[in-house]
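A quick write-up on the structure given underneath.
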Amino acid sequence: MALCVSCSSSDGPSDDKEVPPTPPVNPGELYPWEENRTALLNSTDMVLIYGGGHHREPYNWDVDRISSYVTYKDKAGTEHWLFDAFLFLELKDTGNGGTNKTYTYENQEGLDAANQKDWKRLVDYYFASSTGLGALNRAISNAQKRLGTPKTKHRVVIAIPEPVTHKTPANENSTTVYWGSLDGHIMDFSIAQDRVDACKWYIDYVRSKFNEMQYQNIELAGFYWLAETAGTTRDIISKVGVYVNQFKYSFNWIPYRGAEGHDRWETLGFNNAYYQPNYFFNTEQSYAVLEETCKTAKRENLDMEFEFDYRVLANNSEHNIYYPRMKDYMKAFKTHQIWDTKRLAYYEGGGNLLSLKSSANEADQALYHEFCEFVITRPIRSK
């Protein structure tokens, strides 16, 4: 992994001389793939790839690890393409990578907000040559030797960190001048335009890195708004969306159930919004609530998120509670035509699909195959 060794931790603009430079692209300048793009790139099945925080084990997504999200081999031994889109995101970093700092990429109590160097460090993690997007590109290349070229290149979506107003989100008396500077201007996140400009800087840096790497098998399809509610960012979302769209990238969002703005996602400026049922995690929530969430998604033209984590594994003490809840998603999504017609995002807890695949337990193996068949047989994939 290639982290920027010059990007040491900083609490604010006092370390201004070491602030990363503006990305090497002029505002409004298009890269070749942007010039040739006539419409937003669609996908049907987008898996969430968490990485960049040193609390993750393993820390890197290498070729072997990410290959299990690119293809699936059924019980008969036939291999299939699996997910067609990959959302790279992170929520926080514990700082165990030598920075001795813990910070958050979203409005999260108990942690200080990430600054400009932290944002850059995250992008550099995604675009390391042999892991992250590089590993994904290579895994697809390897699979093409067996399966042939897919109908479209696989899509990549990159999360935009939330430009949190205060350095300490829970303390409105904490400074709003902590992030860094652009073109000599020290950013003040009490000013909405400064927060927007920070997001534009990040988007341009992602674009420049994608251009630098010259991937053959993946396309930069869009960006993802990390804040899961409009409450803290409603004043800047639409401006960021306009900037994303001008380059023909999609602007994506995954609000939690009942989040502020979920029923106004198009007005806010998003192209795609995936609704979180949160059913898997809330054991007090009845199956009827999951069904009602499906109805809400259809009524409000929302796509949906499929959710599970390590607790479905047979060796987990809570398996008997969470295993049927994961299966409920497949049942409800089929009953309410979500499976047939909606784009899906998949939260699997940061590597637990691979845990199911690698398990020697028969129940885990059965669930792995059932889930993958659920994904690859969706009618929407053939449209």
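Tabulated data
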| quantity | calculated |
| --- | --- |
| Cross-link pairs beyond the 25 Å C-alpha cut-off, checked among K151/K239; K120/K248; K92/K357; K239/K295; K167/K200; K153/K383 | K151/K239; K92/K357; K239/K295 |
| Counted charge near G351, where neighbours are those whose Cβ lies closer than 13 Å (Asp, Glu -1; Lys, Arg +1) | -2 |
| Value at 222 nm in deg cm²/dmol, rounded to 500, when DSSP H runs of n ≥ 4 in the chain each add -39,500 (n - 2.57) | -10000 deg cm²/dmol |
| For the range 225-230, Karplus couplings with θ = phi - 60° (6.51, -1.76, 1.60), whole Hz, Gly/Pro x | 8, 5, 5, 8, 9, 7 |
| Long-range amide H partners of K92 with built H, under 5 Å | Y105 |
| Those trypsin sites (Lys or Arg not before Pro) in the range 200-305 that DSSP places in a loop and that have at most 15 other beta carbons within 10 Å | R234 |
| Packing-based ranking, highest mean first, of 221-229, 283-291, 76-84, 124-132 given that Cβ atoms within 10 Å are counted | 221-229, 124-132, 76-84, 283-291 |
| Listed peptides 268-278, 180-190 by packing density, highest first (mean Cβ within 10 Å) | 268-278, 180-190 |
| Given [x] 18.6; [y] 17.2; [z] 25.6, the label whose value is mean projected area of the Cα convex hull in nm² derived from this model | [x] |
| Length added when fully stretched, N352-I191, from 0.36 nm per residue minus Cα-Cα | 53.9 nm |
| The chain, relative contact order in percent, only Cα pairs under 8 angstrom and at least six apart counted | 17 percent |
| Simple spin-label estimate for E284 and Q144 in nanometres, 7 Å along Cα-Cβ | 5.1 nm |
| Difference of contour (0.36 nm per residue) and Cα-Cα distance, T341 to N36 | 106.9 nm |
| Residue among G148, G51, G261 with the largest mean-square fluctuation in a Gaussian network model of the chain, springs linking Cα atoms under 10 Å | G148 |
| Linear extension gain, S317 paired with T102, 0.36 nm per residue minus alpha-carbon span | 74.4 nm |
| Karplus (6.51, -1.76, 1.60) ³J(HN,Hα), θ = phi - 60°, over the range 59-65, in Hz, Gly and Pro reported as x | 7, 9, 9, 8, 4, 4, 5 |
| Inter-label distance for N60 and D328, nm, one decimal - labels placed 7 Å from Cα along Cα-to-Cβ | 4.0 nm |
| Computed Rg/Rh of the range 273-337, alpha carbon atoms with Kirkwood Rh | 0.99 |
| Listed residue (G51, V164, A314) projecting farthest to the positive dipole end of the chain, Cβ model | A314 |
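Bear in mind that the values in this text are calculations on the coordinates, not laboratory data. Remember, predicted model here, so these are calculated numbers, not experimental data. Heads up, the Cβs are rebuilt from the backbone with ideal geometry, glycines too, and the neighbour counts pull from every protein chain shown.
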